[in-house]
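Following: one structure in structure tokens, then a few remarks.
Just so it is clear, none of the values below were taken in a lab; they were calculated from the coordinates. For clarity, every value in this text was computed on a predicted model and none was experimentally measured. Counting neighbours? That spans all protein chains shown, and the Cβs are built from the backbone with ideal geometry, glycine included.
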Amino acid sequence: MKLLFGVLLFVLMHVAVWWSTNAQFIEGVSRARALTLSVALALPITLLAFNASRLVYESLEASAWSARFVGFGVSYLVFPILTWVFLGESMFTVKTMMCITLSCMILGIQVFWA
């Protein structure tokens, strides 16, 4: 249960990170609004990252490497979807799909390798 909650917090964190860094590229969003959003999300992102890392660390053999790779893998699942939906950049390129596949493999190795 800790692992699932930790992964969920990583998902929320990466959604917030996406918005804090990429809102500036969305048509109709001013740079000033995007910067304000980025600053407003800084503390929640930090708290999400802190708690997600703690929960995943405790769930996966007290390994900081495992927590890092789970966070990385989740980011590569969140980023392409949000970029496709909000910026219209397709994730369906050979390079991006290979990276997503590799991220899924990294997650699987960290979670299921005993």
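Out of region 22-114, which chymotrypsin sites (Phe, Trp or Tyr not before Pro) are coil in DSSP terms and have no more than 13 other C-beta atoms within 10 Å?
Working: sites: F25, F50, Y57, W65, F69, F72, Y76, W84, F86, F92, F112, W113; in loops: F92, W113.
Sites meeting the loop and neighbour criteria: F92, W113.
Give, rounded to the nearest 20 debye, the magnitude of the charge dipole that the chain has about its Cα centre when Lys and Arg contribute +1 at Cβ and Asp and Glu contribute -1 at Cβ. Write down the numbers at each step before the final one.
Numbers: 6 positive and 4 negative charges, 28 e Å.
Computed about the Cα centre, the dipole is about 140 debye.
If a/c stays under 1.5 just call it rounded; otherwise compare a/b with b/c (prolate if a/b is bigger, oblate if not). Do that for the chain, with a ≥ b ≥ c from the square roots of the Cα gyration tensor eigenvalues.
Verdict is oblate for the chain.
Taking the 0 to 90 degree range and rounding to the nearest ten, how far is the long axis of helix 31-59 tilted relative to the main principal axis of the chain, both from C-alpha atoms?
The angle comes out at about 10 degrees.
Among the GluC sites (Glu not before Pro) in region 12-93, which ones are in a DSSP loop with at most 14 other Cβ atoms within 10 Å of the Cβ? Mind listing them?
E27, E61, E89
Show that you can apply the helix-only estimate: for the chain, add -39,500 (n - 2.57) for every DSSP H stretch of four or more residues, divide by all residues, and state [θ] at 222 nm to the nearest 500.
-28500 deg cm²/dmol
Expressed as a rounded percentage, what relative contact order does region 2-112 have, with Cα pairs under 8 Å and six or more residues apart? Working shown, then result.
On the way: 117 pairs, mean separation 34.6, N = 111.
Relative contact order comes out at 31 percent.
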